[in-house]
Structures are given as structure tokens and as C-alpha cells.
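A quick write-up on the structure given underneath.
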Amino acid sequence: MSEHPSSALFSSSSGQGESYLARLNPEQRAAIETTDGPLLVLAGAGTGKTRVLTTRFAHILLTNRAKPWQILAVTFTNKAAKEMRERVSLLLGNPAEGLWLGTFHALCARMLRRHADYVGLTSSFTILDTDDQLRLLKQIIAPFQIDTKRWPAPGILGVIQRWKDRGLTPERVTDSEDSDFADGHCRAIYRAYQERLIQLNACDFGDLMLHVTEILRTRPDVQAQYQRLFRYILVDEYQDTNTVQYLWLRLLALRPGEPANICCVGDDDQSIYSWRGAQVGNILRFEKDFPGAHIVRLERNYRSTRHILGAAAGLIAHNDERLGKTLRSGREDSDGEKVLVVGVSDSDHEARDVCAMAEKMQRDGHSLAEMAILVRAGFQTRAFEEKLVQSGVPYRIVGGVRFYERAEIRDALAYMRVLSQPADDLAFERILNTPKRGMGPAGVQKLHAAARSHQVPLTTATRTLLAEKVLKGKVGDQVQELVNALDTTRDILAREGHVVAVEHLLEASGYLAMWQADTSPEAPGRLENLKELVRALADFGTLGEFLEHVALVMEHDENAGDARISLMTLHGAKGLEFDVVFLPGWEEGVFPSQRTLDEGGNSGLEEERRLAYVGITRARKHAMIFHAARRRVYANWQDSIPSRFLDELPDEHVIRQEERDASHRARHLSDSVFVGGAPLVARRRRDPLAGNTPSFQLGERVRHPRFGEGIIVSADHHHVDVAFEGLGIKHLLTSFLEKL
Ligand code: ATP
Ligand code: MG
């Protein structure tokens, strides 16, 4: 988004002249004119790294150093690849085709199609999604005698993926490493999994890089062919490359007897993907890996005003692990506005205020297209989506799916629909085999046939087939459990209301357990989203009202074309820029995330701080940070502590505002925020839907979202009996209990 494709970058340079160089500062120019030999551009946010890369692409073509297809250009997202392609097309005066320009995965997929036979695949191999991967892996694991409670399939898949990120084929996994996982069976499982994939003529995402790297390693002829082809290599966001990507680059760039014409641009302060195996150390090793490397530093930031830069620089200075760079404003206009830090009373007000502020900015002449709301975690988007819909502000979700369209949310909504309307066949079909209950397409067909012949809903037909023992065995038992869960939930719905009922249904149906057992990187986010969904439920009087509301929000459709505000995660905003940036949720436990706090240690915290730095430096003119004094957790409110990052922002670049709203204050106090005189803030919060179910001890004090505080009087693995004052003893599932 840094520049519109029709910008002036190339418009005056259609093949002749060097006017495109005139728009660069001397350091940027040097980075472009040192065309041959390895080059690292190490520079802070907004200093024109991406612009250097794009201009370099142009320069190589305009000076006839290479043909368009002889340049290998790696971008971090498909969107960035598209932008670069458009600029190059503009330059060439016709659509650029055959360019080797894209993400690591896209480029590798293309190479692998050409050489698939070297690894035993054919060029029409399929790329599996996570579901397929897991299904396959479970079949592989079955004959191995491993403790699947400790080592569930998604966990093993995670281990395999990390090995792949590091370029380790099964042969390269060492004994000592193997012994760390799944009782020492993981490497054997990995090997069997890889063999099975080949039999299926399939590969997973990680294989794209791994196979190609392996081919380049073992087939010198293929390696030489690509080394001859790619006369220049360009890499954006180098700080976020992982080991296998790095190996791949080296195999292509290090040509015998010739300089490595590789140009990488990056910023160690923006390294935010270590959880996916990215190695910021790759930047530090550049000079050693590519002998004769030049290093260019860019110090002028052209994106942000002086205050925005000052705030970001002050924040990132709190990290110890950094190379240290100078960054000064290259913008000649005034200092601009200070960064605004707004404290609001609660998370609802936060969404409301951000919307109102966006509308005000729009009235002041800013286009919505130049505004973004950047959140730490996906679950935060729901509140904003709803407020945006309510106020009729057009928005788009970037790099993600709208909240109510996410798979886990649609699943949970399907459970609720069946609860509220047993005849909802579509919803029932969705939940019938989610989680897996052994109901294949044939089984579902049978149910449909029975339903049709008796003219009853699917749920009724299911009950009949169960009663008549047509549906029996293991599948029958599992489906019976679902039916039972629905029945008990209906009782709870009548007695205790929709929030508790839905919690119960998600738990008793095994749906939550499915995600809790899932150790893929997306699983915690999905659990957060489910928690957020339950939170939203509490805003409505009945389940029916809630479902109607959701239907209305989902219907709000996007008219392509008009300007809209972008809503996305901080991770997704890398490399982008906007005039106005809203940064909500700067509270301990949200940002930095609870997981980082739970893990302890400095490195996670430093990564969160880099993410905050990325957030602030996306803004050109206005950056506004929000924190709420209370955030809703289910039906209750919980006090939050402002993020430590707020204290780290230098005062001279920041204006701090507290929203003082007496009526809300009063309401806070009447809620159960204070228990026994001590504010809840002091207590470490437990995430009720976190991966592991906590174990509870007799006599332990707990809190339930509905019943309040109580004491455990008996406990087994998933259930506990809790005595609540005035309410007696209740038999409850542990997932929704919070330890006190
Ligand atoms: P990030 O680290 O966030 O990826 P970056 O270093 O890649 O940032 P760019 O996106 O290339 O920075 O540039 C930031 C902004 O500054 C863009 O709008 C770009 O067009 C502008 N810019 C870059 N160099 C110059 C220059 N020499 N003169 C004027 N504007 C410039
Ligand atoms: Mg960039």
C-alpha cells in the first residue's frame, strides 16, 4: 500500500532516462547502483526499503542487466507481490508475465511442479490443507504405540512442521532431537508420513520449500540451471526468513566463481515471526554468508511525522536484543500531531470511540481507505466489526475472514442454531461430524433418506435410527453423545439461560476439546474467538435474539469499490502504511499477550514490543492508541492494567487522555469487580478456554461466570462439584471455571 501503482515512480521513466533515480536520497541511490555483489539494506521502518527493492528491479531492467524472468524477487505476502508486479508492468508498458516474483511458497510451488519427479511426485501433485494433513497423520500414528493424550496428532504435526522450517528431512533429524518428542517415535512417524504423501502424489505447505531445497542440494545440474537463470535475487522482509528459506536463497545465490547478486532488505526491529521459526540471526550472518557484502543503512524515514517516529523509537529502545539504528524524519512538513493515548472505561467504549473517531477523521477529509484498525489478536475484531456495521462505516478485513465467517464461529453458530431450532437441517449436518464422529458422506446420505421418507427433520431421523439401532457401534455411540449433549443443554437453557447453555453445549459435544487438543499455531486464536463469541452472547437477552443479530451482521455485504477502513492484525500490517492508524487493546494480557506473560522471559516480550513498533510505524500522520479499564470476560467485567508499552512511550511525543465518564464509573463499582475489598487486577487471570484444562483441588476457591465464587467439594478430570453460597452444590465442567 506504500504507493499506488499509478504513482509517479515509473511514469517518467518509460525505458529511457534515469529520472526514477532522482526520487531517491543518496543512500537509497547507492543501494540501487551497487547492482552487483551481495547487498544488505538494514534500516528502520518507513525508510524506503521496499521502494529500493522495487526501483532496483526497474533499474536492472532499464540498464539491460537482465530480462524480466532472470530476476527472482521474494515478497512476504501475495499482496506485496501483486503490487510489485503492477509497478513492473507499468514500467514495461505491458503486463509483466513469467516473472519470478512472489512469496517463498508460491515460488517454490512453481519450481516443484517443474521437477516433481526428482522427489517422486508428478507435476500435478496436490497441496494438502491442515485438515487433510491431520487426517493423514492420524492414520500414520495409529500403529505406533504412543501416548496420544500427551502427544495428540496436531502436536506431532507441529513438531514435523518445525523440522521442515529448519530444512530437516527425516534423515537429517538427529537421535537426540527425536528423543524429545512422542517417546522417540516422531522421526519414524515423520518418515512414514512423508512416504505416504508421496504415494498420494501430495505434499503439504512445508514440503514446498523442503523438497525444492532438497532438489537443489542433491541435483547440481538443477542448481546450476537456476543459478544461471537468476542473475539477480531480491528479498523483502529478510528479518522474517526461516532456516529453510535461508538455505534455499543460499543455494540459488552462491554461484561458483561469480558474485552473489543478492539484495536483501530488512529491519531486525520488525522481526515478528519467530514463532514460525523465523531467524533474525540470518540478518546478522549476512556478511559472513555472502563474502564481499555491502551493507547500506537508510536513516531517513519518509513515512511518519516526527512525533510518531519519536514515540516508536522510544518504545523500541527498551529492547536489549537489537542492532541499533538511527532513524530520523525525512519529512519536511511540521512535527505533526503527537501520538494520542486514550484510556476508555471499557472495551465496548473502545470500539465505539474508535468508530466515532474514524468518522470524525473522515469528515476532516481523510479517506477511510487511508485508515486502519490494527489489533493484536483476531478475536478483537468482533467488537469493531459490530460497531462499524451499526454506524454504517464501510470496512474490510485484511488477511483474514470476517469474525462471523470464521470456521470455528460458523461451527459454534451451527450448534446454537440446532439448539434454538432443531429442524435446522443445514446446521445439524454441519455439527454432526464436527468434531469427527465417524459420520462419513454415506452415513449422512442414509440419514437424509430416512428424514425424507418420514418427512421429519434430520435430528428426528437421527434419533429414530439410534433408537432402532440402525445407527450403532462406535459411530452410533458418538452420535448418541451429541444427541444427549443437545438434550441436557435444552434443560440448562430453560433453567440457567443461554450463556451457560451454549458453554455447556460446546463443551459437552466435544467441540471445545477438539480445539484444545489442536496444537497448531491457529488453535489458540480459534479458542479466543470462541470465547469472544460467548462474550457477545451475553449482550443479548435470548439465544434467538442473538442469532437474529448475527444474521443481520452477516448480511451486511461489501460493495466493492468504495473506500473502506481496514481492520487487520498487526502481523498482517507488516510493510503497509496508512494516514491514520488506530491501535486498540493496549492492556497487559492482550498486548503483550497473555501467552507471552505466562511464558515469562524476555524474548517473547521483546517480540511483542517489536510488534508494537511495527504498529506505530504504520502511521503516516495520526497514531491513536487505546486501552480500556475493563474488558468483558463472558458475562462479567474484568479490570485490566494498561500495557507496559504505554509507559515506555516518551512523554514528549505523546498526549494522554482519560475518558472520564461518571455514569460508567458508577456502573463499574456496582459490578463484581471488587471482591473482598481487593481489586481483581492483582490476580493473575486464567484463560478459561486455554489449551489445557486446569486441574482443581478440593477446597480450592473458584469463580464461575454465572454463579460467582465457590469452593470445590469434589473433582474428577473434567467435572467438579462446586458449592456456591446461597445456591448449593453444582456439578460443572471445568473449562469455564477460573481459579481464584
Ligand atoms: P517498512 O519497514 O515498514 O517495510 P520500508 O522501509 O519498506 O518500510 P517503504 O514502504 O519503501 O519503506 O517507504 C515508506 C514510504 O516512504 C513510502 O510511502 C515511500 O514511497 C516513501 N519514500 C521512500 N523513499 C522516499 C524518498 N526518497 N523520497 C520520498 N518518499 C520516499
Ligand atoms: Mg517495506
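The values are calculated or read from the model by the stated rules, or taken from the named source; none is laboratory data. Keep in mind that what you see is a predicted model, and the values were worked out from it rather than measured. For neighbour counting, all protein chains shown are included, and Cβ atoms are generated from backbone atoms with ideal geometry for every residue, glycine included.
Might you let me know whether segment 317-325 holds any residue that is at negative phi, of a type in the set (A, V, I, L, M, F, W, C) and buried (at least 22 other Cβ atoms within 10 Å of the Cβ)? I'd like the intermediate steps shown before the answer.
The initial filter retains those residues of segment 317-325 that are at negative phi, namely 317-323, 325.
Keeping just the survivors that are of a type in the set (A, V, I, L, M, F, W, C) gives 317, 323.
Imposing the further condition that a residue be buried (at least 22 other Cβ atoms within 10 Å of the Cβ) reduces the set to none.
There is no residue in segment 317-325 that is at negative phi, of a type in the set (A, V, I, L, M, F, W, C) and buried (at least 22 other Cβ atoms within 10 Å of the Cβ).
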Next item on the list: From (1) more than 16 Å from ligand 2 (Cβ to nearest atom); (2) surrounded by 19 or more Cβ atoms within 10 Å (Cβ to Cβ), pick out the condition that doesn't hold for Arg110.
Entry: (2)
Checklist line | Residue under evaluation Gly167, criteria (1) among the small types (Gly, Ala, Ser); (2) more than 24 Å from the chain's Cα centre (by Cα); (3) outside the structural domain of Ala58 (by TED's automatic domain parsing); (4) assigned to a loop (DSSP other than H, G, I, E, B), criterion not met | finding: (2)
Item checked: Per-region count, segment 190-238, residues surrounded by 15 or more Cβ atoms within 10 Å (Cβ to Cβ), of a type in the set (Lys, Arg) and closer than 30 Å to Asn64 by Cβ -> 1
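The rows are residues; the columns are (1) touching a residue at least 24 places away in the same chain (Cβ under 8 Å); (2) surrounded by fewer than 22 Cβ atoms within 10 Å (Cβ to Cβ).
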position	(1), (2)
Gly572	yes, yes
Phe578	yes, no
Gly604	no, yes
Val614	yes, no
Next item on the list: Examine segment 72-86 for a residue that is out of contact with any helix residue (DSSP H, G or I) (no Cβ under 6 Å at 6 or more places or on another chain), without any contact (Cβ under 8 Å) to a residue 60 or more places away in the chain and in a loop (DSSP other than H, G, I, E, B), and state whether such a residue exists.
Entry: no
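With segment 214-302 as the region, which strands (runs of 3 or more DSSP E) entirely inside it contain at least 3 residues that are under 30 Å from Gly46 (Cβ atoms), touching a residue at least 12 places away in the same chain (Cβ under 8 Å) and under 29 Å from the mean Cα position of the chain (by Cα)? Walk me through it before giving the result.
Details: elements: 232-235, 262-266, 294-298.
Because the criterion is at least 3 residues that are under 30 Å from Gly46 (Cβ atoms), touching a residue at least 12 places away in the same chain (Cβ under 8 Å) and under 29 Å from the mean Cα position of the chain (by Cα), the strands (runs of 3 or more DSSP E) in segment 214-302 that meet it are 232-235, 262-266.
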Next item on the list: Report, by residue number, each residue of segment 354-366 that is more than 19 Å from Arg535 (Cβ to Cβ) and either touching a Leu at 6+ places or on another chain (Cβ under 7 Å) or part of a helix (DSSP H, G or I) (or both).
Entry: Ala356, Met357, Ala358, Glu359, Lys360, Met361, Gln362, Arg363
Note to self: Contact list please: Cβ distance under 6 Å, first residue in segment 98-116 and over 24 Å from Arg56 (Cα atoms), second residue of a type in the set (Gly, Ala, Ser), pairs at least six apart or on different chains.
What the structure shows: Arg113/Ser123; Ala116/Ser123
Margin query: Can you find a residue that is part of a helix (DSSP H, G or I), aliphatic (A, V, I, L, M) and within 16 Å of ligand 2 (Cβ to nearest atom) anywhere in segment 30-38?
Written below: yes
Next item on the list: Please enumerate the residues belonging to segment 149-171 that are over 16 Å from Val119 (Cβ atoms), touching a Gly at 6+ places or on another chain (Cβ under 9 Å) and of a type outside the set (Asp, Glu).
Entry: Ile160, Gln161, Arg162, Trp163, Arg166
Check: Listed residues Thr126, Thr148; which is surrounded by fewer than 16 Cβ atoms within 10 Å (Cβ to Cβ), out of contact with any His (no Cβ under 9 Å at 6 or more places or on another chain) and of a type in the set (Ser, Thr, Tyr)?
Finding: Thr126
Next item on the list: Mind counting the residues in segment 360-405 that are in contact with a Lys or Arg (Cβ under 6 Å, 6 or more places away or on another chain) and over 14 Å from Ile565 (Cβ atoms)?
Entry: 1
Next item on the list: Identify the single condition in (1) closer than 30 Å to Val159 by Cβ; (2) more than 15 Å from ligand 1 (Cβ to nearest atom); (3) buried (at least 17 other Cβ atoms within 10 Å of the Cβ) that Arg285 does not satisfy, given that it satisfies every other one.
Entry: (3)
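Can you tell which of Leu121, Leu157 is crowded, with 20+ Cβ neighbours inside 10 Å and in a helix (DSSP H, G or I)? Break it down into steps so the answer makes sense when it comes.
Values: Leu121 fails: in a helix (DSSP H, G or I).
Step by step, each of Leu121, Leu157 is checked, and only Leu157 is crowded, with 20+ Cβ neighbours inside 10 Å and in a helix (DSSP H, G or I).
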Note to self: Which residue is modelled with the highest pLDDT, if the candidates are limited to segment 43-76 and must be hydroxyl-bearing (Ser, Thr, Tyr) and within 11 Å of ligand 2 (Cβ to nearest atom)?
What the structure shows: Thr47
Notebook entry, point to check: Out of (1) more than 16 Å from ligand 2 (Cβ to nearest atom); (2) assigned to a helix (DSSP H, G or I); (3) of a type in the set (Phe, Trp, Tyr), the odd one out for Phe591 is which?
Noted result: (2)
Check: Among (1) surrounded by 11 or more Cβ atoms within 10 Å (Cβ to Cβ); (2) at pLDDT below 85; (3) more than 17 Å from Asp518 (Cβ to Cβ), where does Asp132 come up short?
Finding: (3)
Check: Somewhere in segment 311-329, is a residue within 16 Å of ligand 2 (Cβ to nearest atom), touching a helix residue (DSSP H, G or I) at 6+ places or on another chain (Cβ under 8 Å) and at pLDDT 90 or above?
Finding: yes
Next item on the list: Filter segment 44-54 down to the residues that are in contact with a Lys or Arg (Cβ under 8 Å, 6 or more places away or on another chain) and more than 6 Å from ligand 1 (Cβ to nearest atom), then identify the one that is nearest to Ile262 (Cα to Cα).
Entry: Thr54
Check: From the residues in segment 350-395 that are β-branched (Val, Ile, Thr) and farther than 14 Å from Thr569 by Cα, which one is modelled with the highest pLDDT?
Finding: Val354
Note to self: For a quick check of your reading: which helices (runs of 4 or more DSSP H) sit entirely within segment 466-584 and have at least 3 residues that are modelled with pLDDT under 90 and under 30 Å from Asp348 (Cβ atoms)?
What the structure shows: 523-537, 543-555
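Results for (1) under 30 Å from Val479 (Cβ atoms); (2) in contact (Cβ under 8 Å) with a residue 12 or more places away in the chain; (3) buried (at least 20 other Cβ atoms within 10 Å of the Cβ); (4) small (Gly, Ala, Ser), shown as yes or no for each residue.
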residue: Phe384; (1), (2), (3), (4): no, yes, yes, no
residue: Gly392; (1), (2), (3), (4): no, no, no, yes
residue: Ile409; (1), (2), (3), (4): yes, yes, yes, no
residue: Ala414; (1), (2), (3), (4): yes, yes, yes, yes
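So how many residues does segment 198-254 have that are within 16 Å of ligand 2 (Cβ to nearest atom) and outside the structural domain of Phe286 (by TED's automatic domain parsing)? Outline the logic, then answer.
Within segment 198-254, the subset within 16 Å of ligand 2 (Cβ to nearest atom) is 234-241.
Still in the list and also outside the structural domain of Phe286 (by TED's automatic domain parsing): none.
Total meeting the criteria: 0.
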